[in-house]
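Worksheet for the structure shown next.
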Amino acid sequence: MNVVLVNSPWIHDRERYSVKAGARWAHVRSRRKTIPYYPFPFAMAYATAQLQRNGYRARLLDAVALEMDTSQTLDEIHRFQPGLVVIETSTPSVAMDLEFARLVRGRLDSEIVYSGPHATALPEEVLEEGPGIAVLRGEYDFTLLELAEALKNQRSLKDIEGISWRDGEMVRNNPDRPLIQDLDALPYPVRDELPMNRYTDPSCKLYPNVSIITSRGCPFKCIFCLESTVLFHSPSFRRRDPDKVVDEMEFVVQNYDAREIYFDDSSFTADVNHARAVSRAIIDRGLKIAWSCMADARVDYDTLKMMRQSGCTGLKYGVETADPDLMKTIRKKLDLERVRRFADDCRKLGLYTHGTFMFGLPGETRRSIERTLEFAFSLNCTTAQFSVATPFPGTEFYEMAKRNGWLITDDWSMYDGGESPVVSYPECSRDDIIAGLEKAKKRKILRMIRNPVVLAKYICKLYRIEGFSGLLHELSDKAGYLVERRK
């Protein structure tokens with residue numbers, strides 16, 4: 001039986017493109033907003049590799065990264081003649097995901113199943129509204145394999161852990177599947193059939209860069225996070241063998257000409273012993289390659305120093321808010337003075353930093369937005385990201401927002417975490433959140449213009465990826481934005 005896993009088309013036009021499978025939160029981006037970003041679809045790529053290892057003719061079709069429209073994607077799937085089609089879902093794209101499933105059903109005699117955070121959180125809703133026999137909940141490397149085996153051998157789905165399935169007019173939720181403990185027993189994610197030149201992380205200094213994960217899950221339990229609360233149930237944090245990580249680093253350098261490697265873990269430094277062990281393994285192997293990572297601001301100076309010695313060039317880290325009460329509410333457990341020391345330590349070691357912040361968390365006020373803005377820019381991160389806090393289904397944040405009447409829409413397409421708040425609070429309206437984002441954007445542009453080193457690095461990176469025309473577009477857009485805001 002042939003199997004296709006598809007990151008189905010969402011938004012793709014002259015002005016916008018979408019970020020979906022592989023992202024921490026799916027969203028729509030402006031083509032003129034920043035350096036292009038297509039995340040590597042790890043869940044789909046690992047599951048495809050597992051099928052191939054077990055003798056299935058399986059393919060991952062990333063229509064989003066390939067910028068294929070619906071017709072092109074359907075034609076490509078039809079050529080493969082699959083007996084099973086797996087469609088990745090997200091909250092803001094779910095209406096189009098289900099419409100795509102209906103088009104697949106109209107054209108192919110294939111079984112359809114769903115994966116991804118939205119289907120995991122709301123399996124009954126997805127199976128009631130769209131065609132298909134099952135939802136693969138959470139981590140599905142072995143769940144999909146077992147489902148494919150059951151379909152091939154015409155067995156019932158009732159004993160497959162980790163799925164919700166259609167049983168006549170009912171949807172049955174089977175028990176959760178235990179999380180995979182031995183990550184090193186998994187094959188490398190498929191890469192050969194994917195547009196590897198598209199998967200570039202904007203924060204990386206060098207291009208081309210390739211993403212790897214060294215762990216799955218997260219020991220922290222932030223109330224807004226899809227990874228820790230929806231995709232990986234507790235206890236979720238599992239580490240790979242550092243030597244096996246370096247094996248894969250060598251593999252992608254040799255096979256995909258990687259000049260930099262990005263560790264796209266939930267948090268590479270969640271366990272500093274793991275971060276140190278991977279750094280030591282890189283040093284001992286004598287591997288000379290730049291690398292960067294998703295991290296957190298709890299890392300001590302000695303660990304950062306070892307990371308730097310092994311080739312680390314920078315870290316992304318989430319702060320989210322500078323309001324202590326909000327920090328407690330979201331269970332971030334992050335000390336702001338520790339964040340300052342971390343940022344200072346990174347500067348001393350020559351590590352770039354990319355800080356991420358949110359507006360619209362539970363209990364937000366106009367004052368807390370100002371407090372976060374001032375703190376964010378006082379850190380002097382190399383780059384910073386400001387987004388809308390979005391209560392995705394399945395998270396505790398969503399349940400809080402629903403229970404307290406904070407939600408202002410039930411239109412899932414609005415839940416994209418970009419610039420469209422879906423919550424409003426007594427002391428912080430939707431307009432207040434948008435105003436905070438606008439103020440942050442203006443300050444980011446002005447800060448970059450006033451910092452020649454940051455500006456030069458940004459221009460060089462954009463030129464390498466987008467060429468001269470892309471560079472002109474970006475600079476023109478930013479200048480136009482500042483002129484418009486002065487009027």
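Structure values in brief
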quantity	calculated
Tally of residues being farther than 18 Å from L147 by Cβ and buried (at least 22 other Cβ atoms within 10 Å of the Cβ) across region 78-90	1
Criterion: at pLDDT below 95 and under 24 Å from E149 (Cα atoms) - qualifying residue of R53, R59, R107	R107
Residue within region 106-124 that is surrounded by fewer than 24 Cβ atoms within 10 Å (Cβ to Cβ) and among the β-branched types (V, I, T) present	yes
Close pairs from region 12-28: first without any contact (Cβ under 8 Å) to a residue 12 or more places away in the chain, partner surrounded by 22 or more Cβ atoms within 10 Å (Cβ to Cβ), Cβ under 7 Å, at least 6 apart	none
Residue within region 78-100 that is over 26 Å from the mean Cα position of the chain (by Cα), closer than 27 Å to D416 by Cα and either at pLDDT below 95 or acidic (D, E) (or both) present	no
Qualifying residue in region 178-192 (condition: within 20 Å of the chain's Cα centre (by Cα) and surrounded by 22 or more Cβ atoms within 10 Å (Cβ to Cβ))	yes
In region 264-315, residue surrounded by the most Cβ atoms within 10 Å (Cβ to Cβ) [restricted to those that are among the β-branched types (V, I, T) and either in contact (Cβ under 8 Å) with a residue 60 or more places away in the chain or over 18 Å from L351 (Cα atoms) (or both)]	V278
Condition met for S211 (surrounded by 17 or more Cβ atoms within 10 Å (Cβ to Cβ) and over 29 Å from E67 (Cβ atoms))	no
Options N197, N153, N174: the member that is in contact with a strand residue (DSSP E or B) (Cβ under 7 Å, 6 or more places away or on another chain), among the polar types (S, T, N, Q) and without any contact (Cβ under 8 Å) to a residue 60 or more places away in the chain	N174
Residue in region 135-152 that is surrounded by the most Cβ atoms within 10 Å (Cβ to Cβ), counting only those that are in a helix (DSSP H, G or I) and not charged (D, E, K, R)	L144
Residue count for region 374-416, restricted to those that are under 13 Å from E320 (Cα atoms) and in contact with a Phe, Trp or Tyr (Cβ under 8 Å, 6 or more places away or on another chain)	8
Condition check for S368: at pLDDT below 95, assigned by TED's automatic domain parsing to the domain that holds R331, of a type in the set (G, A, S) and crowded, with 16+ Cβ neighbours inside 10 Å	no
Of all residues in region 401-413 being within 23 Å of the chain's Cα centre (by Cα) and of a type in the set (A, V, I, L, M, F, W, C), the one that is surrounded by the most Cβ atoms within 10 Å (Cβ to Cβ)	A401
Out of R79, R105, sole residue that is in contact with a Pro (Cβ under 6 Å, 6 or more places away or on another chain), over 17 Å from T395 (Cα atoms) and part of a helix (DSSP H, G or I)	R105
Scope region 240-295; condition over 18 Å from P187 (Cβ atoms) and among the basic types (K, R); matching residues	R259, R276, R280, R285, K288
Qualifying residue in region 342-361 (condition: hydrophobic (A, V, I, L, M, F, W, C) and farther than 20 Å from S203 by Cβ)	yes
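Residue-wise test of (1) touching a Phe, Trp or Tyr at 6+ places or on another chain (Cβ under 6 Å); (2) in contact (Cβ under 8 Å) with a residue 24 or more places away in the chain.
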residue: R105; (1), (2): no, yes
residue: S110; (1), (2): no, yes
residue: T120; (1), (2): no, yes
residue: E125; (1), (2): no, no
residue: V135; (1), (2): yes, yes
residue: T143; (1), (2): no, yes
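Each row is one residue, and each column tells you yes or no for (1) aromatic (F, W, Y); (2) closer than 28 Å to P208 by Cβ; (3) in the same structural domain as L373 (by TED's automatic domain parsing).
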| position | (1), (2), (3) |
| --- | --- |
| V278 | no, yes, yes |
| D284 | no, yes, yes |
| K288 | no, yes, yes |
| S310 | no, yes, yes |
| G318 | no, yes, yes |
| M327 | no, no, yes |
| F342 | yes, no, yes |
| T353 | no, yes, yes |
| F359 | yes, no, yes |
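The values are calculated or read from the model by the stated rules, or taken from the named source; none is laboratory data. Please read all numbers here as calculations on a predicted model, not as lab measurements. Don't worry about glycine lacking a Cβ; one is built from the backbone with ideal geometry, like all the others, and counts go over all protein chains shown.
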